[in-house]
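The values are calculated or read from the model by the stated rules, or taken from the named source; none is laboratory data. Everything quoted here is computed from the prediction, not taken from an experiment. Here Cβ is always computed from backbone atoms with ideal geometry, including for glycine, and neighbour counts include all displayed protein chains. Accessible surface is based on the protein model in full, side chains and every heavy atom, while ligands, DNA and RNA are left aside. Shrake-Rupley method; radii C 1.70, N 1.55, O 1.52, S 1.80 Å.
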Amino acid sequence: MSEAEDRELDALQAALAAEHAAVYGYGVVGGRIGEERRAEARTAYDAHRARRDALAREVRDRGGEPVAAAAGYALPFAVPDSVAAVRLAAELEDRVAGVYSDLVRAAGGDRRATAAGALREAAVRAVRWRGGSVAFPGLAERGGGAGAPDATDTPGAADTPGAADTPDTASGSASGSAAPTA
């Protein structure tokens, strides 16, 4: 494999790890979210599951072994109620958007277009959850802000809205995972 192909595969694996964490994190969200937003949470959960499965297929098609989901993830903060669940959902989407921005940078052609679409979808969901937008979706965590995941915070890690209970794939690197943190 060329260096560019290796970078792309690493970015695919990071996106997969982030999706594992997001799926985990939305399990937490679903358990705490109010009835009025439960359908929205379910839709997001299903979208992340579908992306996760598609990414696993892509990794296999490229000859890689898809990164496995962690048994649990550390959440970035406690999620005792519906208000915190909404905040966690926005955090999960921010982290996933960050990882997809890395994949957009690493990929080309159709894969780049698909990653850009996934970035856009995560950014739109984050705006819906948060009630406001950010200037550059997918880049907010680069500044080390509240939505910045790290390897222990990615889906699969133990610190993101799935990493410590959240996914940590939005760590800002193609090899990071988006797990939630606590």
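Details
- Between Ala70, Val104, Ala15, the Cα set farthest toward the positive side of the dipole of the stretch 1-104 (charges on each charged residue's Cβ, about the Cα centre) is that of Ala70.
- The stretch 28-123, accessible area per residue, ligands and nucleic acids excluded (1.4 Å, Å²): 47 Å²
- If R0 is 30 Å, the Cβ-Cβ spacing of Arg128 and Ser2 corresponds to a FRET efficiency of close to 0.15.
- Charge tally in the Cβ shell below 14 Å around Ala39, where Lys, Arg are +1 and Asp, Glu are -1, Ala39 excluded: +1
- For the stretch 27-131, carbon and sulfur atoms together expose 51% of the accessible surface, with a 1.4 angstrom probe and every protein chain in place.
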